[in-house]
Amino acid sequence: MRRRGALALGLFTVIVLLAAPARAITPTETLKPAAEEVTRILEDPALKSLPQDRQARVRAVMNDLFDYPEIAMRVLGRHWRSLSQSERDEFVQLFRQFLAHTYLPRISLYRGERVRFVGESVDGDLATVQALVVTRQGKEVPVNYRLDQRDGRWRVYDISVEGISFVNNYRSQFDQIIARGSFRDLTERLKQKLASPPDETPSGIAPFLRRSP
């Protein structure tokens with residue numbers, strides 16, 4: 001349970017501490033100012049009693065940084081190649097909504113965590129930024145951001161918390177669902193999750209898409 005809690009904490013902090021400055025140069029310079037911007041949102045006393053407005057502001061900065069088409073392609077893995085363009089477009093939008101529905105409500109768990117960036121490596125248009133999520137108690141959770149560069153901008157396409165990849169975790173789950181049924185079964189499962197109340201408990205880096213009992 002302690003490990004699952006750390007993973008959820010790490011991912012939740014990753015999500016709420018991301019935004020891209022307009023003239024970012026390096027991957028770290030893309031991520032670093034975001035911590036200050038979104039921390040201001042989370043610590044704004046006027047927004048603490050307005051959870052929907054708070055989530056909307058955080059979602060806006062998420063949308064500016066995440067490379068959703070790249071994330072969608074990677075989480076579907078080999079299944080992406082067999083989809084039509086319309087199916088791909090549908091899945092990108094559906095998965096984007098699913099991520100917001102799953103993780104944005106968890107910003108209520110924020111308790112003053114901070115992100116400390118400790119290094120980066122760049123290989124052409126791909127990069128990894130190493131960071132530590134530091135809790136108020138001083139616990140450090142290692143987090144790696146993986147980014148790609150398009151049109152001169154760095155965007156995040158994967159996050160690893162304590163060595164557990166966000167993309168790999170979802171790819172494993174989605175591959176099982178499609179293998180046992182079809183791509184349409186997966187999209188229906190996602191729609192069911194979107195229609196259900198969001199879970200605000202810290203239940204891990206990628207909650208399994210369980211069917212309703």
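Within region 90-102, how many residues are open to solvent by 70 Å² or more (accessible area, probe 1.4 Å) and among the small types (G, A, S)?
Number satisfying all stated conditions: 0.
One line per residue, one yes/no per condition, for (1) of a type in the set (V, I, T); (2) assigned to a strand (DSSP E or B); (3) open to solvent by less than 50 Å² (accessible area, probe 1.4 Å):
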site	(1), (2), (3)
P69	no, no, no
L104	no, no, yes
G119	no, yes, yes
V129	yes, yes, yes
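Determine the pairs where a residue that is surrounded by fewer than 16 Cβ atoms within 10 Å (Cβ to Cβ), located within region 152-178, has a partner that is polar (S, T, N, Q) and part of a helix (DSSP H, G or I) with Cβ atoms under 8 Å apart, the partner being 6 or more residues away or on another chain.
Listed pairs, sorted by first residue: none to list.
Can R116 be described as basic (K, R) and more than 30 Å from Q52 (Cα to Cα)?
No: the conditions fail for R116.
Taking region 116-171, which residues are within 25 Å of V92 (Cβ to Cβ) and of a type in the set (A, V, I, L, M, F, W, C)?
L126, A127, V129, V143, L147, W154, V156, I159, V161, I164, F166, V167
Exactly one of these conditions fails for N63: (1) open to solvent by 30 Å² or more (accessible area, probe 1.4 Å); (2) over 19 Å from F174 (Cα atoms); (3) touching a residue at least 40 places away in the same chain (Cβ under 8 Å); (4) in a helix (DSSP H, G or I). Give me its number.
(3)
Quick check on V141: is it open to solvent by less than 10 Å² (accessible area, probe 1.4 Å), more than 15 Å from the chain's Cα centre (by Cα) and not small (G, A, S)?
Spelling it out, V141 is indeed open to solvent by less than 10 Å² (accessible area, probe 1.4 Å), more than 15 Å from the chain's Cα centre (by Cα) and not small (G, A, S).
Would you pick out the residues in region 71-89 that are open to solvent by less than 60 Å² (accessible area, probe 1.4 Å), part of a helix (DSSP H, G or I) and out of contact with any strand residue (DSSP E or B) (no Cβ under 6 Å at 6 or more places or on another chain)?
A72, V75, L76, G77, H79, W80, E87, R88
Residues that are under 21 Å from R155 (Cβ atoms), at pLDDT below 80 and outside any helix (DSSP H, G or I): does region 25-35 have at least one?
For region 25-35, residues under 21 Å from R155 (Cβ atoms), at pLDDT below 80 and outside any helix (DSSP H, G or I): present.
Testing A35 on (1) open to solvent by less than 20 Å² (accessible area, probe 1.4 Å); (2) under 30 Å from R189 (Cα atoms), one condition comes back false. Which one is that?
The one condition A35 does not meet is (2).
Check off (1) closer than 24 Å to D148 by Cα; (2) out of contact with any helix residue (DSSP H, G or I) (no Cβ under 9 Å at 6 or more places or on another chain) for Q52 and give me the number that stays unchecked.
That leaves (1) as the condition not met.
Is there any pair with a first residue in region 30-45 that is more than 21 Å from T128 (Cα to Cα) and a second that is modelled with pLDDT under 85 and open to solvent by 50 Å² or more (accessible area, probe 1.4 Å) whose Cβ atoms are under 9 Å apart and which are 6 or more apart or on different chains, and what are they?
Between residues of region 30-45 that are more than 21 Å from T128 (Cα to Cα) and residues that are modelled with pLDDT under 85 and open to solvent by 50 Å² or more (accessible area, probe 1.4 Å), the close pairs are T39/R114; L42/K48.
The values are calculated or read from the model by the stated rules, or taken from the named source; none is laboratory data. Owing to the predicted nature of the structure, the values given are computational and were not obtained by experimental measurement. A quick note on method: Cβ atoms are made from the backbone with ideal geometry, for glycine too, and the neighbour counts reach across all protein chains shown. The accessibility values were calculated without ligands, DNA or RNA, using every heavy atom of the protein model including side chains. Shrake-Rupley method; radii C 1.70, N 1.55, O 1.52, S 1.80 Å.
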